[in-house]
Amino acid sequence: MIEIDKQRTWAQIHYDRIAHNVKEVQKLIGNTKIMGIVKANAYGHGAVRCTQELKKAGIDYFAVACLSEAQQLRQAGIEDPILILGYTAPACFDELAQGHFVQSVVSYDYAKKLNAYGLAHNMKMSVHVKADTGMNRTGILYEDGQKDFEQICEVYWMKGLDVQGIFSHFPVSDDLGCDSKVFTENQIRLFNELVDRLKAQGIEPGLRHIQNSYGILNYKDLGMDYCRPGLLYMGVTSDDTIEIESNPDFIPILEWKTKVSLVKDVPDGATISYGRHYTCHGTRRIASLAIGYADGLSRMCSNQGLNVSIRGHLVPIVGNICMDQCMVDVTGFDDIVEGDVATLVGKDGDQICKVDEISRLAKTINNETLSAITSRVVRIDQNNELAK
């Protein structure tokens with residue numbers, strides 16, 4: 001049991017809510033299965049624990065960004081298929097094989113390297129082909145301007161590879177504007193066309209997946225084998241002001257809290273923090289909080305009117321956020337004292353502080369804000385136990 005009194009700042013993660021959020025996703029996607037995206041330490045929520053909870057909810061396939069993340073899951077006893085979405089250096093192909101991981105084919109040349117390794121070791125490397133239908137990041141091009149269909153076919157025919165699936169990715173599925181919808185719908189058309197052409201060549205495409213979180217929210221059941229939600233099972237979207245075509249009942253699983261380290265009266269005309277960008281107009285009661293940008297609270301939120309909640313009172317951050325501390329104006333709330341809990345994200349009395357507010361003021365999205373919560377922020381579960 002973690003003693004909250006001994007913590008300076010912590011994230012409490014309600015893993016028991018994941019099953020509810022998974023059900024909300026399943027309502028949108030019909031018979032499509034879920035591939036749990038647990039990269040970047042499950043966006044700061046704890047990759048191993050989230051994977052374990054997702055397994056309890058019936059999810060049987062997982063995806064990460066890199067080899068080390070996949071190895072962490074294997075070392076924790078996760079035996080299910082794990083797809084590595086990003087690049088793994090050829091020097092690490094031994095570890096790919098040893099972990100029985102599924103590697104994304106990031107290019108045709110990369111497929112040839114994987115194939116050569118498989119042939120040299122008398123084995124088949126497990127892969128999914130990445131088809132680039134418009135993201136122009138990784139994958140073999142299959143766009144209206146250039147369709148490298150022959151290369152994709154050749155990957156399937158390589159003797160040192162076991163091609164188990166094919167996938168693509170949406171860059172603007174979060175945008176319901178006409179141009180973005182046309183673009184995404186064309187990606188879907190291209191992907192389905194590619195699958196049909198492979199079948200016409202006598203090639204079994206394997207598992208098909210293309211939908212990220214907003215692809216699920218806005219395009220629902222596309223008849224694929226898998227979809228790839230990340231933030232959705234964590235109960236949030238990238239930005240709660242972005243219009244979506246569905247109305248899921250998600251419950252955020254993360255709360256982020258810190259402590260008041262002192263409260264003092266500051267005279268009229270005094271300035272707060274580095275840079276002296278905030279000046280007190282009249283005597284102000286200022287509380288220091290034991291959290292800063294080294295904990296993941298973006299310095300971009302300085303002097304932007306970001307509120308935290310203390311004893312149910314919404315109070316604004318004033319002055320520049322420091323590496324390990326920040327200050328809030330608690331004038332008029334004499335009940336706020338040293339040791340009180342300040343809520344940055346989560347519920348405090350009747351107040352609800354949303355991660356979306358931090359992200360907007362930091363000019364980013366929740367994906368980054370949550371992933372940026374640093375390792376020195378203790379993660380605990382809904383029972384106040386250390387989250388492992």
Check: Among Thr364, Thr374, which is the only one that is of a type in the set (Val, Ile, Thr), touching a Gly at 6+ places or on another chain (Cβ under 8 Å) and open to solvent by less than 50 Å² (accessible area, probe 1.4 Å)?
Finding: Thr374
Check: Can you name the residue in region 81-116 that is touching a Phe, Trp or Tyr at 6+ places or on another chain (Cβ under 6 Å) and farther than 19 Å from Arg137 by Cα and is also most open to solvent (accessible area, probe 1.4 Å) among such residues?
Finding: Pro81
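How many residues does region 117-129 contain that are touching a Gly at 6+ places or on another chain (Cβ under 6 Å) and closer than 16 Å to Pro81 by Cβ?
Step one: filter region 117-129 for residues touching a Gly at 6+ places or on another chain (Cβ under 6 Å), giving 118-119, 124-125, 128.
Going one step further and asking which of them are closer than 16 Å to Pro81 by Cβ, we end up with 124-125, 128.
Residues that pass the stated criteria total 3.
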Check: Any idea which residue in region 207-221 is nearest to Met158 (Cα to Cα), counting only those that are in a loop (DSSP other than H, G, I, E, B) and open to solvent by less than 20 Å² (accessible area, probe 1.4 Å)?
Finding: Ile210
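One line per residue, one yes/no per condition, for (1) in a strand (DSSP E or B); (2) among the β-branched types (Val, Ile, Thr); (3) under 26 Å from the mean Cα position of the chain (by Cα):
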position	(1), (2), (3)
Ile286	yes, yes, no
Met300	no, no, yes
Gly305	no, no, yes
Asn320	no, no, no
Val328	yes, yes, no
Thr343	yes, yes, yes
Check: Taking helices (runs of 4 or more DSSP H) that fall entirely within region 1-118, which contain at least 3 residues that are β-branched (Val, Ile, Thr)?
Finding: 18-29
Checklist line | Some residue of region 249-268 being modelled with pLDDT of 95 or more, crowded, with 21+ Cβ neighbours inside 10 Å, touching a Ser or Thr at 6+ places or on another chain (Cβ under 6 Å) and of a type in the set (A, V, I, L, M) | finding: no
Check: Within region 169-188, can one find any residue that is closer than 30 Å to Tyr117 by Cβ, open to solvent by 50 Å² or more (accessible area, probe 1.4 Å) and touching a Ser or Thr at 6+ places or on another chain (Cβ under 7 Å)?
Finding: no
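The values are calculated or read from the model by the stated rules, or taken from the named source; none is laboratory data. Values in this document were obtained by computation on a predicted structure and should not be read as measured data. Cβ atoms come from the backbone with ideal geometry, glycine included; neighbour counts cover every protein chain shown. Each accessible area value is taken on the protein alone, full model and side chains, heavy atoms only, with ligands, DNA and RNA left out. Shrake-Rupley method; radii C 1.70, N 1.55, O 1.52, S 1.80 Å.
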